[in-house]
Amino acid sequence: AASIDDCVTDVRRAVEHVRRLAALRGLETQCLASGGSSAGAHLALVAAMIAPGGPATVPEPGVAAVVALNPAGLDLLAFSPQLRRSIEQRAGIAAGRAIEYSLIEFVRPGNPPMLIHHGTDDEVEPIEHARRFRDAMVRAGNECTLFEYEHAEHAFHYPGHSGHFDDVIDATARFLLDRIAAN
C-alpha cells in the first residue's frame, strides 16, 4: 500500500514533469498552479509548502499558486487524539507523525498564493480549521483567499451536487488569471 510520503513524492514528480514540459514548449513556468480536492488538495498544499528535505528546508517555488477545494489536513492537531490516530491509519501516516502533515504547522512567509473553497458544513475538515489556516497565512504575509459556501458539505463543488460548481469554476478562473497577470 502506498504511504502518504509516496503520494507526496508523486505530486512533486508531477509538478516537476509539467515544469519541464512547459519549459520545453517555451511556456512560462512561473505561471503554473496546482490544486486538488480533499486529500488531493492536501497533497498539493504539502508539495507546495514543505520541501522534499523536510520542514527545515525552504521549498523551491514549484508553483505560482495553489487552489484547494475542501482541503483535508489543514489542522490535524485540532482533532482529538483518537480521531488523529484514525486519520493517521487511513492516510498511511506513521503513528504520532500527524504533525508532519498538518499544514498549519508549515505556514511560512513566502508560501505561494492560495485559494480555498470550503463548505461551512464540511464534515471532514471543519470550516474553523480553514479559517485558522487562512488567518495564519495572512499573518505570515501570504495571500490566502477563503471562499465559504453556506451549508455546503464536503465535496460540494462537483457538477450537479449542490449548485456551486459554476461559482467555484468562476472564482478559480479569476484567481488564476489574476496570478498570471501579476507574473
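The values are calculated or read from the model by the stated rules, or taken from the named source; none is laboratory data. As the structure is a prediction and not an experimental result, all values here were calculated from the model. Backbone-built Cβ (ideal geometry, glycine too); neighbour counts: all protein chains shown. Just so you know, the surface numbers come from the protein's heavy atoms only, side chains and all, with ligands and any DNA or RNA stripped out. Shrake-Rupley method; radii C 1.70, N 1.55, O 1.52, S 1.80 Å.
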- Message: Modelling each spin label as a point 7 Å along the Cα-to-Cβ direction, I'd like the residue 39/residue 24 distance in nm, to one decimal.
- Response: 3.0 nm
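How large is the accessible surface per residue of the chain, computed with a 1.4 Å probe and reported in Å² as a whole number?
Details: 9560 Å² over 183 residues.
Value returned for the chain: 52 Å² of accessible area per residue.
Figure the gain on full extension for residue 13 and residue 78 (residue separation times 0.36 nm, minus the Cα-Cα span) and round it to one decimal in nm.
Details: separation 65, 0.36 × 65 = 23.40 nm, distance 3.02 nm.
Value of the extension gain: 20.4 nm.
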- For region 91-183, which trypsin sites (Lys or Arg not before Pro) are both in a DSSP coil and crowded by at most 14 other Cβ atoms within 10 Å? 97
- What part of the accessible area of region 1-104, given as a whole %, is carbon or sulfur when the probe is 1.4 angstrom? 58 percent
- How about region 81-183: which GluC sites (Glu not before Pro) there lie in a loop by DSSP and see at most 13 other Cβ atoms within 10 Å? 123, 150
